[in-house]
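> Okay, here's the structure, questions in a sec.
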Amino acid sequence: MTRLSRALVSAGVRTLAATASVLEAVSPVRTPSGAVALATHTPYPYDRVVKQTRQGLVVCPVGVQDPGNIGAIIRAADAGGARGVVVVRGSADPFGWRALRGAMGSTFRVPVAMADSAESLVQSARNRGVRIVAAVPRGGSPLYETDLTGPQLLLVGAEGTGLGPRVDTEADLRVSVPMRRRVDSLNVAVATALIIYEVRRQQSRGTQA
């Protein structure tokens, strides 16, 4: 922690030492890591994130209300090489402490923005010639048999209700992760990670060809 403190002081950050009891009082986390930071957040314009689809995949959670899932999706996007994440309002706050903790620092490495509605985001992406891909539990094209190369916006829906028919019908492609019949659905963060990595596999194969 001394090394971190020195780096922060060198960067001009005001740094204070505190006892364990004080850290427990100021942090909402049950087991704080030993450092608590306060900073001003400047929203990232979602239109700038959508532009990143020209170089690959942008992930869009719609109505995902569990902050842990939002954090895990951002972490998977970062790990799997997605170009950005746009969270539609009505989902959990990606900058809340639970989501930030779930993302494990990925929120500060991959562009994360907010959009007012899925419809406006889809239209913005489509205007750039980006393919809209919707993740659905059943009835979509099998994940491992579908061409997922090129610029695309991936829509993933709420834990219980999915994307909803209005958003679902806006997609150019519906894709499903193969599951055994007795399983109704996967956790949204798990399903998103599987799709991200399949996109990465296909795009890497295309680069090597």
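> Cut-off 12 Å, label point 7 angstrom out along Cα-to-Cβ of Asn187: give me the residues of segment 160-175 whose amide nitrogen falls inside.
none
> Report, to one decimal in Å, the Kirkwood hydrodynamic radius for the chain based on all distinct Cα pairs.
On the way: mean 1/r = 0.0548 Å⁻¹.
Kirkwood hydrodynamic radius for the chain: 18.2 Å.
> Using a simple spin-label model with points 7 Å from Cα along the Cα→Cβ vector, what separation in nm is obtained for Glu159 and Asp47?
3.5 nm
> What ranking, highest mean first, results for peptides 39-49, 72-82 when packing means the other Cβ atoms within 10 Å averaged over each residue?
On the way: 39-49: 12.2, 72-82: 23.4.
Highest mean packing first, the order is 72-82, 39-49.
> Figure the gain on full extension for Asp93 and Gln202 (residue separation times 0.36 nm, minus the Cα-Cα span) and round it to one decimal in nm.
Working: separation 109, 0.36 × 109 = 39.24 nm, distance 3.10 nm.
Here the segment from Asp93 to Gln202 would lengthen by 36.1 nm.
> State the extension gain, in nm to one decimal, for the chain segment bounded by Thr149 and Arg54, taking 0.36 nm per residue of separation less the distance between their alpha-carbons.
Working: separation 95, 0.36 × 95 = 34.20 nm, distance 1.14 nm.
Answer, rounded to one decimal: 33.1 nm.
> Beta carbons within 10 angstrom, averaged per residue: use that to sort the peptides 172-180, 188-196, 18-26, highest first.
Values: 172-180: 15.0, 188-196: 22.3, 18-26: 10.9.
In decreasing order of mean packing, 172-180, 188-196, 18-26 become 188-196, 172-180, 18-26.
Each value in this text was obtained by applying a stated rule to the coordinates, not by laboratory testing. Note that this is a predicted model, so its numbers are computed, not measured. As a convention, Cβ positions derive from the backbone with ideal geometry for all residues, glycine included, and neighbour counts pool all protein chains shown.
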